[in-house]
1. List, please: which pairs have Cβ atoms under 6 Å, are six or more places apart or on different chains, and start with a residue in the range 81-109 that is of a type in the set (Gly, Ala, Ser) and end with one that is buried (at least 17 other Cβ atoms within 10 Å of the Cβ) and not in a loop (DSSP other than H, G, I, E, B)?
2. Mind checking whether some residue in the range 241-253 is more than 25 Å from TYR301 (Cα to Cα) and either within 25 Å of the chain's Cα centre (by Cα) or at pLDDT below 90 (or both)?
3. Give me the pairs: first residue in the range 253-276 and touching a residue at least 40 places away in the same chain (Cβ under 8 Å), second residue of a type in the set (A, V, I, L, M, F, W, C) and open to solvent by 70 Å² or more (accessible area, probe 1.4 Å), beta-carbon distance under 8 Å, and six or more apart or on different chains, which are they?
4. Within the set of pairs 6 or more residues apart or between chains, which connect a residue that is closer than 14 Å to LYS362 by Cβ and at pLDDT below 85 inside the range 379-392 to a residue that is open to solvent by 40 Å² or more (accessible area, probe 1.4 Å) and charged (D, E, K, R) with Cβ atoms less than 8 Å apart?
5. Those residues that are under 24 Å from TYR94 (Cβ atoms) and open to solvent by 70 Å² or more (accessible area, probe 1.4 Å), I need them from the range 189-198; list them, please.
6. Which one of these is charged (D, E, K, R) and within 24 Å of THR323 (Cα to Cα): LYS288, LYS279, LYS284, LYS221?
7. Please specify each residue of the range 367-392 satisfying the condition of being part of a loop (DSSP other than H, G, I, E, B) and more than 16 Å from ALA294 (Cα to Cα).
8. Within the range 75-91, is there a residue that is loosely packed, with under 15 Cβ neighbours inside 10 Å and not in a loop (DSSP other than H, G, I, E, B)?
Amino acid sequence: MKKMVTCFLAIALINTIHAEQNNIFRLKGFIAGIESGKLYLRYYSRGKKNIDSAIIKNGRFLFQGILDEPSLAELSDDRTKMNKEYANYCSGFYLDPADMTLSLTAGSFNRFQLEGSGTNKEYTIFNQSLQPSLEKIDLLQKKNQQTNSASASDLDSLSSYISLVEKTASDFIKKHPRSFISIKAIQRLSFYNNIKIDSCLALLNKLDVNVKKYPAALKLKENYIASITSAIGQYSREFSRKDVNGKNISLSSFKGKYILLDFWASWCGPCRELTPQIKKLYTKYQAKGLIVIAVSCDSKYDDWRKAISHDGIDSFVNVLSFTDADMIFLKNRTNMFEASFKGELRKQFNLMPIPAEILIGKTGRIIGRYGPDEKADVNMLDKELALLLEKD
């Protein structure tokens, strides 16, 4: 038995090493005009931002690392000057898990030449095809902002250029189903809201099987599904949590009542400012069947509990966006703002800015979404609740 276990462990280790070897990138290069010094490369891998350094010797350098997918990168000879105003800085190039060569010239890093990255070639093709339309869109939007109004002809032109962008992106996706950049092209399609999310999801599902395994594709798919299932008119997906008192609660246990999901956090100023308004709504409509479930995006138990007590919202059902397993993982994390976006319930309801309110009807159907990134303002809640409860 021990031999069998040892054998399995050895195979797993070999597979892991093999997978990592396939994901290794090597970026070597030459800088004309700089003989020595250091270079700094910033890229993302395994969900983390990496900043690697390499020594320049006789104008040559080498970076090496591991990628879980192609990664957009930037490079500078000064770690504190990662910006376009600095001459020895370049950005907007894709690293592949491959051997690549980067050629640079002192004083004009932005004129770099990158060889060996297929993803970067496709990215260049895609960007060049989009650029004329994007520049026209940018000019029209700036003009409209300056005049604070838009003429009929400007609106027609804007619509026309947006349609061109969407057609360009659609054509690229169809021609490049094996390209990582097709994921970015699908994101571009959903940006202008002219194409429905379910259509974008269908395009994502048609990509090559290996492309669909990339973290960026998996995350985009998760976001699209959340957007579809948490839209107004959909039945809310179930969730279960322990509340602040350790009691097990589930969304379905409140069926037959109107449920207001109040997404907030102790560190969110606008959320705390909104709390008195939510408390007034609860006091006003509690007797008519309103339940408030306050979903905190806090990543620390103590901050959450102190805010509940300070704001006097003990009468709400108080739960965390995170699971218990998430909270254990986050125990030693210090960036609360970044951590809050990992909350499971926040993802389930496809929320970015908070505060945000989601109103669920007696049958479990979502009947309203309110907040900075929603079509309805939070101030409309009182009026809509009054109309709903009067019918009952």
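The values are calculated or read from the model by the stated rules, or taken from the named source; none is laboratory data. Bear in mind that the values here come from a model prediction, so they are computed numbers and not experimental data. As a convention, Cβ positions derive from the backbone with ideal geometry for all residues, glycine included, and neighbour counts pool all protein chains shown. Ligands, DNA and RNA are excluded from the accessible area calculation, which covers all protein heavy atoms including side chains. Shrake-Rupley method; radii C 1.70, N 1.55, O 1.52, S 1.80 Å.
1. So the pair list comes out as SER91/GLU74.
2. Checked against the condition, which is being more than 25 Å from TYR301 (Cα to Cα) and either within 25 Å of the chain's Cα centre (by Cα) or at pLDDT below 90 (or both), the range 241-253 yields no hits at all.
3. If the second residue must be of a type in the set (A, V, I, L, M, F, W, C) and open to solvent by 70 Å² or more (accessible area, probe 1.4 Å), the pairs left are TRP267/PHE337.
4. LEU389/LYS288; ASP392/LYS288
5. The first filter runs over the range 189-198 and keeps only residues under 24 Å from TYR94 (Cβ atoms), leaving 189-192.
Answer for the range 189-198, where residues must be under 24 Å from TYR94 (Cβ atoms) and open to solvent by 70 Å² or more (accessible area, probe 1.4 Å): just PHE191.
6. Working: LYS288 fails: within 24 Å of THR323 (Cα to Cα); LYS279 fails: within 24 Å of THR323 (Cα to Cα); LYS284 fails: within 24 Å of THR323 (Cα to Cα).
Matching residue, one of LYS288, LYS279, LYS284, LYS221: LYS221.
7. Filtering the range 367-392 for residues part of a loop (DSSP other than H, G, I, E, B) gives 371-375, 377, 392.
PRO372, ASP373, GLU374, LYS375, ASP377, ASP392, listed by residue number.
8. no
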